[in-house]
1. For Gly106, indicate whether it is surrounded by 15 or more Cβ atoms within 10 Å (Cβ to Cβ), over 16 Å from Phe165 (Cβ atoms) and touching a residue at least 60 places away in the same chain (Cβ under 8 Å).
2. When you go through Leu163, Leu124 one by one, which is the residue that is modelled with pLDDT of 90 or more, open to solvent by 30 Å² or more (accessible area, probe 1.4 Å) and within 18 Å of the chain's Cα centre (by Cα)?
3. Would you confirm whether any residue within segment 129-144 is at pLDDT 90 or above, assigned to a helix (DSSP H, G or I), open to solvent by 30 Å² or more (accessible area, probe 1.4 Å) and within 21 Å of Asp21 (Cα to Cα)?
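The values are calculated or read from the model by the stated rules, or taken from the named source; none is laboratory data. Computed from a prediction, not measured in an experiment: that's the story for all the values here. Every residue, glycine among them, receives a Cβ derived from its backbone with ideal geometry; neighbour counts consider all protein chains shown. Only protein heavy atoms, including side chains, enter the accessible area calculation; ligands, DNA and RNA are left aside. Shrake-Rupley method; radii C 1.70, N 1.55, O 1.52, S 1.80 Å.
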Amino acid sequence: MTTEPGLRERKKRRTRAALTDAALELFSAKGYDATKVEEIAAAVEISPRTFFRYFDGKEDVALGQLSAMDEDAITALATRPADEAPLVALRAAHSAMLDRLYEEEGGSERFSATHGLIAQSPTLLAASLRRDAATEDRLTVIIGERQCVDPEQDIRCRLLVRLVFTSARLGVETACRRNTCEPAQLRATVDQALRLATATLPAEWSAWH
């Protein structure tokens, strides 16, 4: 049974969304490096001190939606059926990431703006790549646990995670370049990239368990 978030949690989510949107607008207008936390806070009429209750800094607010999506993927993978093939589980985990764009008000617009910002900012691109690598590390550990192998010894764990998530990122980038980051179109492009990338995997390998 799903429990609806309480008033306090809904208010917190609204404030985070408002800060994110204000930050993305300022980053777009002034540039990421030139924008100050004080300006972001002022745009939603809160103090910088209050800002830091929600985000650790500019990088956190800029990439906050993507970080939340990563957590969705990690949670989804950890809770997939234990006997499910890892390729199937990983694809479902990535699908759970995209679900947020349907559930979050303004999610697809925020997602598109974030990717546009990353493409323009070397600082944020580097931060996003670090985030991607850290997420893949966590997913690799979960795949190793599911398969009862040491992911540092069995290369298939990291290889499969990287194959799925790199292909999915290519799908995302392609959709954003085409200005089709609306959730349904984005998902279709990601699914196409995943199908093409995994089509030639040996059946016994992709179903490895």
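1. Numbers: surrounded by 15 or more Cβ atoms within 10 Å (Cβ to Cβ): no; over 16 Å from Phe165 (Cβ atoms): yes; touching a residue at least 60 places away in the same chain (Cβ under 8 Å): yes.
No.
2. Selected residue: Leu163, the only one of Leu163, Leu124 that is modelled with pLDDT of 90 or more, open to solvent by 30 Å² or more (accessible area, probe 1.4 Å) and within 18 Å of the chain's Cα centre (by Cα).
3. There is at least one residue in segment 129-144 that is at pLDDT 90 or above, assigned to a helix (DSSP H, G or I), open to solvent by 30 Å² or more (accessible area, probe 1.4 Å) and within 21 Å of Asp21 (Cα to Cα).
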